[in-house]
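Since the structure comes first, as structure tokens, the remarks are kept for the end.
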Amino acid sequence: MKSIKTNIMNRFISIIIAGISFLIACCCISCKETVYESLEIFIQNKTDSIVHVRLYPTGKPFLTLYPMCEECGGKKETEFSLSPNNERFLFSSSDLYVGPYTLASKAFDSIHISLANKDLIIKFTHENVTGYSENIFIENSTWDFRIEEGDKEMVSTNEIRKFHRYRFWILKDKIIIE
């Protein structure tokens, strides 16, 4: 009789221990940090005057808005001005292994930048560039690269957001005056 009670008690304790172990495992899994990463491209005005930028989205040359990322549904304006030392987000992707020039080529057919002197225009296309010593669409163009973490207050405590950010600088000394 005593052994039956002992068996029942041992099974009961085993069930309780298994339940507690399961709850601990669930808590550990739910507390695990999740990392979300994206690749983003920006254009930054490093001149001493305002520049006006006109983006020509791939396949849609006359739109005033364009998709700001692959498959996200968000839109951005195709025309904007940048004050000195300001930047503008252009496009993003979840593919971290693509180069910034390739991402720019996916999003835009061309990019035109007019400077304070309205007669001076920089034109970037896939094939060539006018008025500038580098082409935003070419592999050997210079990009500033940084990995930046997202704002902790914008996401839950177990999420980490990392942005692989490439900035193409418009520099006064790279402007070609013809």
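Computed from the coordinates by the stated procedures, all read-outs in this text should not be read as laboratory data. Because the structure is a prediction, the values reported are computed rather than measured.
Dividing the Cα radius of gyration of the stretch 77-126 by its Kirkwood radius returns 1.01 for Rg/Rh.
Tell me the Kirkwood radius of the stretch 35-174: reciprocal of the mean inverse pair distance over distinct alpha-carbon atoms, in Å.
15.7 Å
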